[in-house]
1. Apply the Karplus curve 6.51 cos²θ - 1.76 cosθ + 1.60, θ = phi - 60°, to the phi angles in segment 105-113 and return the couplings in whole Hz, x for Gly and Pro.
2. Within a 10 angstrom radius of the beta carbon, how do F131, F39 rank from fewest other beta carbons to most?
3. Once phi is turned into ³J(HN,Hα) by the Karplus curve 6.51 cos²θ - 1.76 cosθ + 1.60 with θ = phi - 60°, what whole-Hz value does each residue of segment 64-79 show in order, with x for glycine and proline?
4. Name the lysines eligible as straight-distance cross-link partners of K5: C-alpha to C-alpha under 20 Å, and not fewer than 8 places from it in the same chain.
5. To the nearest 20 debye, what charge dipole does the chain have about its Cα centre, counting +1 at the Cβ of each Lys and Arg and -1 at the Cβ of each Asp and Glu?
6. Working from Cα positions, state the angle (0 to 90°, nearest 10) between the long axis of helix 50-62 and the longest principal axis of the chain.
7. Only loop residues by DSSP count here, and only those with at most 15 other Cβ atoms within 10 Å; note down the GluC sites (Glu not before Pro) in segment 1-93 that meet that.
Amino acid sequence: MDEEKKIVLVVACALIDADGRVLISQRPEGKSLAGLWEFPGGKLEAGETLEEALVRELKEELDIETKVACLAPLTFASHAYESFHLLMPLYVCRRFWGIPRGVEGQAIKWVRPKDLRDYPMPAADEPLIPFLIDLL
Ligand code: 9L3
Ligand code: MG
């Protein structure tokens, strides 16, 4: 039943490079939605703000440093998965330190916003693409 679905809060980031390309990350084997290309991010840990969680996730998943002040909210995803309802704020980050790499063995890619449709994404992420096309 819809009304019994738990709302799960996950924070995600559109990392943008100097050429206006966006980073996407391929979910690794063994995780849910494996093989799909997503905007990096993840769940909050106890006591974290959204922005703190995102700074931590970007370090853990991509080995880059950024700051809370370098994250700007853009839009959000609201998607009913089978077993939970995902609420996912999307931040934009243009200022970060280091060169992103797939720490968890995942493939990553810098993609022009208009080409994001060429990569299969989680259903929650797809509606975010037009916002990035408008922004960039
Ligand atoms: N999720 C969807 N799109 C994204 C992210 C970062 C996460 N861009 C979904 C996949 C999982 C849930 O959110 O169902 C939690 O993500 P994770 O902790 O498995 O990465
Ligand atoms: Mg994650």
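Throughout, read-outs are computed from the coordinates displayed, never taken from laboratory work. All values derive from a computational prediction rather than experimental measurement. When we count neighbours, we look across all protein chains shown, and the Cβ atoms used for this are built from the backbone with ideal geometry, even at glycine.
1. Calculated HN-Hα couplings, in order: x, 7, 6, 10, 8, 9, 10, 5, x Hz.
2. Going from sparsest to densest Cβ surroundings: F131, F39.
3. Whole-Hz 3J(HN,Hα) from phi for segment 64-79: 10, 9, 8, 10, 3, 5, 8, 10, 10, x, 10, 6, 8, 10, 9, 9.
4. Those lysines meeting the cut-off are K43.
5. Computed charge dipole of the chain: roughly 400 debye.
6. Computed tilt is about 60 degrees.
7. Passing sites in segment 1-93 are E29, E45, E48, E82.
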